[in-house]
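Inspection log for the structure reproduced underneath, given as structure tokens.
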């Protein structure tokens, strides 16, 4: 493999490669995370390198080189897919080929003290549409560290290692502070183990107390024996009640539970739930209609899903006495069971399963939102007030203290900051966890765009987190902790474990945790200054106001800029009005000139009405000179 000749040629080629530096940093970052998780000095990852966007079909061959397969514009989205790799390079329009880019990658990674080996392991081979298959080459990169890895960044400011965002059990999914650093899957496993252990310990304690009571009252009088029997029945009833509350959604779909529930309703009818009797809101009615219309496209599978969903909602209405953790567990079990049923019994493709699960989540959480969001049995409201008070106390924090790489003096950047704050505040107005996550994702993308415009290069993770903290401090979103807990408890777990939604949500949780534990060292301040700022004795902004000038205040600068724009608009308006008046005068003069010319012509050439000419009137009279005509033309007279 021959390298590109000349450093200038190489730099010119890389300048045409979109996001080359960003993808290069991502390769090192992913390799570092995997090496840390596996406690090894090397890591492997898949990289896709392709120069042309057009996929190759299995029917193309040299004999059919003149054949061109056409595709419609409606099929264009099917070609825009992402190969299942860690990093993807391409396409590009330079003359250099794939091997030139591979050489550049190896050279730049080796310059960082890494040993790089790579080999082609095949192609993507994903079916796109009709006879089109993706034939982008996939390379396996093996990156080895021969020196001790430095996992701590030397940059000043806030830094959270990306490995801290992942599940501490090492499964590779994103963790969450609400789950004690575990992902949803691992947390459920740990939670089940802890709960089963607690139930077992309670059972053993009850049995031990039972035996002690029986032994203590064995030699007592018969009345005392009767009391012991009564106490034994009470303990047994208490234990059975505790065991009865350990329910899962699997029982909801079993035949025995259905029959049992129907019998219970017949034997002891309960009062209907107020939520069933009340008139459904406009939003709930709209979501229900959309859900039914969506399931109609799946015929039999849709009917089964609708029955399961209705049964789950009815069961949840009668299980409101459960704690919020148990309701969350029931919901998560329901998500898991429905997804497994569609994949095993219905054999629904994974893409459709994801869409169906999104609609199910939207339908059930729109109906349950009123009862499971910030319930009175939890301390969510107390946490909301605490974090709001904390953010208000930190109003003096400046972007420079957080090392935020955003310049709000740039109008475009300032607009993006405002949009990011609006999105994070709008999260509280949404009902569905997926919609709340979408607000977080939009906010994060605005942050990335603001950093990109400021730095003229793609943002990194070390730039994103401080900016997100600054946005939260500046926006102070309402009921922040309640929204985070609501998403954690009732969102589809697969959405939080992977993908950009999970990544941005994990970063938001880290930002909130950082704000709660923010101290002088985090802001590179002395403890004395930090205490004075927190107490309100002074503020870093007051020091700037002492040397105040119109150019030093961003608001005043914006005001002067707006006044300048208004003066320019006023001048343009006056100029346009003068031109309009001139045009009006020209039109009047032109009209008067035309009228005068017409009048002059009429006066010069007056219109006279003359009688008809007599010679023209006798043109059809009898011709007396017919005898001079040749015989064929002489008129013939016939007797009537």
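The values are calculated or read from the model by the stated rules, or taken from the named source; none is laboratory data. It should be emphasised that the depicted structure is a prediction, and the values quoted were computed from it without experimental measurement. Using ideal geometry, Cβ is built from the backbone for each residue, glycine included, and neighbour counts are taken over all protein chains shown.
Laid out as a table, the results:
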quantity: Single unsatisfied condition, residue 402 versus (1) more than 25 Å from residue 497 (Cβ to Cβ); (2) surrounded by fewer than 20 Cβ atoms within 10 Å (Cβ to Cβ); calculated: (2)
quantity: Residues of the stretch 499-516 that turn out to be surrounded by fewer than 15 Cβ atoms within 10 Å (Cβ to Cβ) and either closer than 14 Å to residue 402 by Cα or touching a helix residue (DSSP H, G or I) at 6+ places or on another chain (Cβ under 7 Å) (or both), as a count; calculated: 3
quantity: Test result for residue 64, over 31 Å from the mean Cα position of the chain (by Cα) and at pLDDT 70 or above; calculated: no
quantity: The stretch 321-365, residues that are outside any helix (DSSP H, G or I), under 25 Å from the mean Cα position of the chain (by Cα) and surrounded by fewer than 17 Cβ atoms within 10 Å (Cβ to Cβ); calculated: 349
quantity: Boolean, residue 310 is surrounded by fewer than 17 Cβ atoms within 10 Å (Cβ to Cβ), free of Cβ contacts under 8 Å to residues at least 40 places away in the same chain and under 18 Å from residue 492 (Cβ atoms); calculated: no
quantity: Criterion: exposed (fewer than 15 other Cβ atoms within 10 Å of the Cβ), touching a strand residue (DSSP E or B) at 6+ places or on another chain (Cβ under 9 Å) and either modelled with pLDDT of 70 or more or outside any helix (DSSP H, G or I) (or both) - qualifying residue of 82, 23; calculated: 82
quantity: Any hit, the stretch 452-460, residues being touching a helix residue (DSSP H, G or I) at 6+ places or on another chain (Cβ under 8 Å) and surrounded by 22 or more Cβ atoms within 10 Å (Cβ to Cβ); calculated: no
quantity: Pick from the stretch 405-417, criterion without any contact (Cβ under 8 Å) to a residue 40 or more places away in the chain and either surrounded by fewer than 14 Cβ atoms within 10 Å (Cβ to Cβ) or more than 22 Å from residue 480 (Cα to Cα) (or both), ranking: nearest to the chain's Cα centre (by Cα); calculated: 415
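Yes or no, residue by residue, for (1) at pLDDT 85 or above; (2) closer than 30 Å to residue 440 by Cα:
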| site | (1), (2) |
| --- | --- |
| 509 | yes, yes |
| 514 | yes, yes |
| 539 | no, no |
| 544 | no, no |
| 557 | no, no |
| 577 | yes, no |
| 582 | yes, no |
